[in-house]
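Beneath this line is the structure, given in structure tokens, with notes to follow.
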Amino acid sequence: MSNKKLVRDIRNKKLAGVCAGVANYFGLDVTLVRIIWLVLALMGSLGFWLYIILLLVLPKSE
């Protein structure tokens, strides 16, 4: 069983570390995750609200 946790990565953050944390959790490039989030935010409000929810719910990395 893996001890992987979804957290905000405050070491590699641009705004709040949400995209960096998601990228680390899924093993993706952080730039790719940021671009996907930007496209979702520009296409409608889904990306924006998802970011806000994760910002409030995810703990900071240590």
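The values are calculated or read from the model by the stated rules, or taken from the named source; none is laboratory data. Fair warning: this is a prediction, and the values are worked out from it, not measured in the lab. Neighbour counts run over all protein chains shown; Cβ positions are idealised from the backbone, glycine included. Ligands, DNA and RNA are stripped out before the accessible areas are found, and what is left, the full protein with its side chains, is counted by its heavy atoms. Shrake-Rupley method; radii C 1.70, N 1.55, O 1.52, S 1.80 Å.
Numbers below:
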read-out	value
Residue that is nearest to residue 13 (Cα to Cα) [pool: residues in region 42-62 that are open to solvent by less than 90 Å² (accessible area, probe 1.4 Å), in contact (Cβ under 8 Å) with a residue 12 or more places away in the chain and outside any helix (DSSP H, G or I)]	61
Among the candidates 39, 33, residue that is within 18 Å of residue 61 (Cβ to Cβ), part of a helix (DSSP H, G or I) and open to solvent by less than 100 Å² (accessible area, probe 1.4 Å)	33
Residues satisfying the stated conditions in region 8-39, i.e. at pLDDT below 90 and in contact with a helix residue (DSSP H, G or I) (Cβ under 6 Å, 6 or more places away or on another chain)	12, 13
Leading residue by the ranking (most open to solvent (accessible area, probe 1.4 Å)) among those in region 1-30 that are touching a strand residue (DSSP E or B) at 6+ places or on another chain (Cβ under 8 Å) and not in a loop (DSSP other than H, G, I, E, B)	8
